[in-house]
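Chemist: Would you mind keeping the following structure in view while I ask a few things?
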Amino acid sequence: MTKKAGVIGWPVSHSLSPRLHGFWLKKYSINGSYNAIEINPNNLEKFIKDLSFNGFTGLNVTVPYKETVAKLVHVLDENSCRLGAVNTLVVGSDNLIYGSNTDGFGFMQNLIANAPQWKSKNSVAVVLGAGGAAKSIISSLINSGISEIRLTNRTYDEAISLKNNMGSSIKVFKWKNRSNILNDIELLVNTTTLGMIGKPPLDIDLNGLPSKAVVMDIVYSPLITPLLEEAKYRSNPVINGIGMLLHQARPGFHQWFGLKPEVTKELENYVLLGAQS
Ligand code: ATR
């Protein structure tokens, strides 16, 4: 029987996940399907309830449903429960729906794969932005044992509430001071939408940034954002956002289709072709 999975969102036609999972399904000759499914908000609850009945083995969940769906599944793991958001659902053999959030895993695996020199021990990171992606990323950085996270966000109160939920290793700074908190750090991560095609670039002065600090952007359209361009020019190691997308997909594919898929350059190039069209 064909194992059926997919990604739900509203809208969802932009999603690169069908291309990504489609590549793996073909590569590993798996009898499975993975499609983008646009769900109207009015139909969301029923769609999730009927997942098992409709023959789904699992789903990815994307914007704007990550929080709503977390409230609809039967079982949340510890991480997704803390984040209050899911991106991966698995229909169990007991027909219950299990939710997890693999965004932080994707972030950390991408960091480890592309900057093996980065170590969490005694390390300081600056995180720009305090939205959904920032929460997952900060949670994974805290789990990795990092000493300090300097967090700054346009809306200060969002950063404060994230700190209040996630603990004492986070220090919050005003957005206008973002260029002044880069000294002595090992990692700078942009989790805002700034730098994305159609959005303004991220305005930050990198003069205070140590030359060994890794600079990561979760934006992947364009692949090299103005932030990464400048960091590259300054000889900092840079990591683009596509790897996080590729790595976050691994646990879902493994659970639905029974095989641990590999992230390769070939996969990255194939998925990126989809981002350009
Ligand atoms: P995601 O779930 O992908 O993280 P999000 O929750 O909408 O998306 O978060 C977007 C982030 O980009 C937020 O940190 C947002 O800041 P606010 O909390 O102030 O909204 C940030 N962001 C978006 N546009 C911005 C802008 N023009 N200047 C600064 N930050 C911006």
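Chemist: Only one of (1) on the phi < 0 side of the Ramachandran plot; (2) surrounded by 14 or more Cβ atoms within 10 Å (Cβ to Cβ) is not met by residue 53, so which one is it?
Modeler: Just one mismatch for residue 53, condition (2).
Chemist: Kindly list the number of the only condition in (1) in contact (Cβ under 8 Å) with a residue 60 or more places away in the chain; (2) at positive phi; (3) within 12 Å of the ligand (Cβ to nearest atom) that fails for residue 198.
Modeler: Every condition holds for residue 198 apart from (1).
Chemist: Go through the range 180-277 and tell me which helices (runs of 4 or more DSSP H), entirely inside it, have 2 or more residues that are out of contact with any strand residue (DSSP E or B) (no Cβ under 9 Å at 6 or more places or on another chain) and of a type in the set (D, E, K, R).
Modeler: 265-276
Chemist: Given (1) within 19 Å of residue 154 (Cβ to Cβ); (2) among the β-branched types (Val, Ile, Thr); (3) open to solvent by 40 Å² or more (accessible area, probe 1.4 Å), where does residue 197 come up short, assuming only one miss?
Modeler: (1)
Chemist: Only one residue in 20, 72 is in contact with a helix residue (DSSP H, G or I) (Cβ under 8 Å, 6 or more places away or on another chain), open to solvent by less than 80 Å² (accessible area, probe 1.4 Å) and closer than 16 Å to residue 92 by Cα, so which one is that?
Modeler: Every option except 72 fails the conditions.
Chemist: Another one. Report whether or not residue 46 is more than 24 Å from residue 262 (Cβ to Cβ), of a type in the set (Lys, Arg) and outside any strand (DSSP E or B).
Modeler: Considered against the rule, which asks whether it is more than 24 Å from residue 262 (Cβ to Cβ), of a type in the set (Lys, Arg) and outside any strand (DSSP E or B), residue 46 comes out as yes.
Chemist: Take the residues in the range 56-68 that are of a type in the set (Val, Ile, Thr) and within 19 Å of residue 253 (Cα to Cα); name whichever of them is surrounded by the most Cβ atoms within 10 Å (Cβ to Cβ).
Modeler: 61
Chemist: Okay, next question. Could you tell me which numbered condition residue 23 fails, if it satisfies all but one of (1) among the aromatic types (Phe, Trp, Tyr); (2) outside any loop (DSSP other than H, G, I, E, B); (3) free of Cβ contacts under 8 Å to residues at least 24 places away in the same chain?
Modeler: Going through (1) among the aromatic types (Phe, Trp, Tyr); (2) outside any loop (DSSP other than H, G, I, E, B); (3) free of Cβ contacts under 8 Å to residues at least 24 places away in the same chain one by one, residue 23 breaks only (3).
Chemist: A further question on this structure: Considering only residues of the range 134-179 that are within 13 Å of the ligand (Cβ to nearest atom), open to solvent by 40 Å² or more (accessible area, probe 1.4 Å) and not in a helix (DSSP H, G or I), which is nearest to residue 202 (Cα to Cα)?
Modeler: 154
Chemist: Could you check how many residues of the range 237-258 are open to solvent by 20 Å² or more (accessible area, probe 1.4 Å) and under 24 Å from residue 1 (Cα atoms)?
Modeler: 5
Chemist: Among the residues of the range 95-108 satisfying the criterion of being more than 14 Å from residue 139 (Cβ to Cβ) and outside any strand (DSSP E or B), which is most open to solvent (accessible area, probe 1.4 Å)?
Modeler: For the range 95-108, the residue satisfying everything is 95.
Chemist: So, in the range 119-133, exactly how many residues are more than 16 Å from the ligand (Cβ to nearest atom) and either part of a helix (DSSP H, G or I) or open to solvent by 30 Å² or more (accessible area, probe 1.4 Å) (or both)?
Modeler: Qualifying residue count for the region: 3.
Chemist: Residue 261 versus (1) more than 19 Å from residue 148 (Cβ to Cβ); (2) under 22 Å from the mean Cα position of the chain (by Cα); (3) open to solvent by 20 Å² or more (accessible area, probe 1.4 Å): which is the lone unmet condition?
Modeler: (3)
The values are calculated or read from the model by the stated rules, or taken from the named source; none is laboratory data. All values derive from a computational prediction rather than experimental measurement. Positions of Cβ are backbone-derived with ideal geometry, glycine not excepted, and every protein chain shown enters the neighbour counts. Accessible surface areas use protein heavy atoms only, side chains included; no ligands, DNA or RNA. Shrake-Rupley method; radii C 1.70, N 1.55, O 1.52, S 1.80 Å.
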